[in-house]
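Each reported figure results from applying straightforward, stated rules to the coordinates on display, with no laboratory input. Note that this is a predicted model, so its numbers are computed, not measured. Methodologically, a virtual Cβ is constructed for each residue, glycine included, from the backbone with ideal geometry; neighbour enumeration extends over all protein chains shown.
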Amino acid sequence: LETSSYRSGVKVAIPVVVVRGAEEGPTLTALACQHGRELNGIEAIRRVILGLDPCRLRGRAIFIPCANPVAVRIRQQDYPHERGRYFAAAQGFNLNREWPGDSKGTLYQQMAGAMWREAVSRSSICIDLHGWSGASSSLVWGAFRDADLVRAFGLDIHLVKSEAEMAKGGTCLEHVCWKAGIRSVTAELTPQKILCEKSTAAGARGVLNIMKRAGMIDGEPELPPEQIELDDGESETHKEYVLKADFAGLLVPRVRVPAVVKAGETFAEIVDFDDVMHVQPLVSPIDGTVFNLGGVHWSEDMAETSVKDAGETVALVKSYRRILRNQAPPY
């Protein structure tokens, strides 16, 4: 897919692979890497493409493994720069704020317009793969009407958004799909900048799970034995607690995210650099799930580190709605 003209000095070609099934069925679009450091989805989609047999496929699968080839090549979230994410006075460039696009607009509007016109708008299902900091849990979400797809994706933790939340609208792909009646899920596969086999495999499995759920390929979705479902903020009041370091020290986890914890349970410690015998226990204030352990890092210049300064965010604990128990054997 190509932009219709030059903008910002460039014209962009976006790779696309279409697999046509031998039988009639739904059309699905799966895309990844709207942002240039979110790489796990690229390899996840490549694995799905390599493993699909068109003779056993019902319908059509449209794959866009690298939706933002210009940003990924400069190793930043956005092209030509990402300063708008961190400085209020800087211009922002975010592909996932330009849907459904405009064939005569800015560079990103033209890119979104080409993908919307030729792929997403022709689909009944859309899967949008992203990737945030490795300090957080991988998460998949979607609208209440698409709850079966959200759960079928098969991550350890997910969120089902209320219809009221989706109806607020916006120019993210998920909101535009919702308005157009296209079923969609959005997944964040941690971490950024490097491939993680667990997340890459989970992304590939998630795409295939949804294709199974939609009847495009044979089989039942492969689900973990338990899935944490976060509160949607309406049926259950969502609670999120930010925990910070009291002093500079080393973050020592006791759990892996996402981890279900009880109120009063210690799930990590900060070890004081000045006196390694002095520690700050990180204690859960609620019965909830440790969603982030290590703090939130958005900037490319902030490498993941277990060294924490006084006052720095070191964990997020979220309330959850329920834990789903699956009968399928664990993957």
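Report D for the range 230-272 in µm² per second (integer): Stokes-Einstein, Kirkwood Rh on Cα pairs, 25 °C, 0.890 mPa s. The Stokes-Einstein estimate is 194 µm²/s. Note on the chain: Rg/Rh from Cα positions, Kirkwood definition for Rh, rounded to two decimals, is 0.99.
Given the DSSP H assignment, sum -39500 (n - 2.57) over each helix run of at least 4 residues in the chain and divide by its residue total; what's the result at 222 nm in deg cm²/dmol, nearest 500? Estimated from H runs of four or more residues: -5500 deg cm²/dmol.
On a 0 to 90° scale, report how tilted helix 40-51 is relative to the longest principal axis of the chain, with both axes built from alpha carbons and the result rounded to the nearest 10. Once rounded, one gets 50 degrees. Cβ-Cβ distance of Thr313 and Lys11, R₀ of 51 Å, FRET efficiency by 1/(1 + (r/R0)^6): the value works out to about 0.80. Seen from Ser319, the other residues with C-beta closer than 12 Å to its C-beta sum to a net charge of -2, counting Lys and Arg as +1 and Asp and Glu as -1.
Centre-to-centre separation between the Cα atoms of the range 91-135 and those of the range 236-264: 34 Å. Between Ala90 and Leu1, the FRET efficiency from the beta-carbon distance, with R0 = 22 Å, is close to 0.15.
Once the convex hull of all Cα atoms in the range 30-165 is built, its volume per residue stands at 146 Å³. A protection proxy built from the mean count of other Cβ atoms within 10 Å ranks the segments 164-171, 217-224, most packed first, as 217-224, 164-171.
Neighbours of Pro281 by Cβ distance under 11 Å: Lys/Arg scored +1, Asp/Glu scored -1, total -2. Amide H contacts for Val261 (H built 1.01 Å from N in the peptide plane; partners 5 or more residues away or on another chain; cut-off under 5 Å): Gly288, Thr289, Val290.
Spin-label pair Lys198-Ser306: with each label point 7 Å from Cα along the Cα-Cβ axis, the two points sit 1.5 nm from one another. Computed over every Cα-Cα pair of the range 121-210 and binned at 10 Å starting from 0, the pair-distance distribution P(r) comes out as 18, 49, 29, 4 percent.
Taking 16 Å as the straight-line reach from the Cα of Lys212, the aspartates and glutamates in range (excluding those fewer than 8 positions away in the same chain) are Glu23, Glu24, Asp53, Asp146, Asp148, Glu220, Glu222.
Rounded to the nearest 20, the Cβ-based charge dipole of the range 95-192 about its Cα centre (Lys and Arg +1, Asp and Glu -1) stands at 260 debye. Taking 25 Å as the straight-line reach from the Cα of Lys308, the lysines in range (excluding those fewer than 8 positions away in the same chain) are Lys193, Lys239, Lys244, Lys262, Lys318.
A straight Cα-to-Cα reach below 22 Å connects Lys104 with the lysines Lys11, residues fewer than 8 places away in its own chain not being considered. Suppose R0 equals 25 Å; then what is the FRET efficiency for Ser162 and Ile323 from their Cβ-Cβ distance, rounded to the nearest 0.05? Here the calculated transfer efficiency is 0.80. Solvent-free Debye calculation, one equal scatterer per alpha-carbon of the range 168-233: log10 I(q)/I(0) at 0.17, 0.21, 0.23 Å⁻¹ equals -0.88, -1.15, -1.18.
Each Lys or Arg adds one and each Asp or Glu takes one away; over the other residues whose Cβ falls under 13 Å from the Cβ of Val271, this sums to -3.
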